[in-house]
Amino acid sequence: MKNPRSHRVLRSVVVAAALLASPASQAAPAAPSGAKAIEGGPTLHISAGPPTNNSDVKLPAPSPKHVWLPGFWEYQAGHHVWIKGRWEPARDGMVYLASQWSYQGHLWTFYPGKWVLTSVAESSTDDSAPQKPQNDLMIKVPPPAQRLEVPGPPPSPQHQWNGGYWTWKSGHFVWLPGHWATAPADMIWDQGHYRKSGLVWHLIPGHWRKK
């Protein structure tokens, strides 16, 4: 004679196993407390700022063609962890944007380090005169903190690094990478930046000016 109680126990085990195997019952990994992933990249917004100290020790370069990638604070499992800097071979036609935190709108925003394409711009006859910066762009939100760029060796002794800056496109800030350029005679490069006036920020694009 079959035991009804054994059948009930067996049915309970089978139902429980089916529920555990179903996709709906498998919860996604929890995000770090106080952190929010942003669509389109691993950038984070958190309320707790990174520590001000660091333990970065810059070792001797393996060769003149290596660039130093600075260390940074990374947010992991609810707290900040220091990631040591390191040397990497320079990449042709690219510049490294160092990882950094920026305080924006009462939250800390993390910009992960990455290699981005740049260019080598040769000066032309039009560059021999100072360029008047176009500052007609006005926005009502403050720009992020300036990115730290780590360019490779210059193409020649006559080349100067023209640092990148934040520009405004399609309703949000976009980093315009720097590039190498031959400096016109008696001129220096003014890096693009913002100037606050009342409740708005005016963009002053990068441009050449007389020394």
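The values are calculated or read from the model by the stated rules, or taken from the named source; none is laboratory data. Predicted model, so just to flag it, every value in this text is computed and none were measured. Areas reflect the complete protein model, heavy atoms only, side chains present, ligands, DNA and RNA absent. Shrake-Rupley method; radii C 1.70, N 1.55, O 1.52, S 1.80 Å.
Quick look at the values:
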| read-out | value |
| --- | --- |
| Relative contact order [Cα under 8 Å, 6+ residues apart], segment 131-203, whole percent | 37 percent |
| Binned Cα-Cα distances of segment 131-211, short to long, each 5 Å bin given as a whole percent | 3, 14, 22, 23, 17, 12, 6, 2, 0 |
| In Å², nearest 10: area of Val95 left accessible to a 1.4 Å probe | 0 Å² |
| Interchain or long-range residues, amide H under 5 Å from Leu137's placed H | Leu203 |
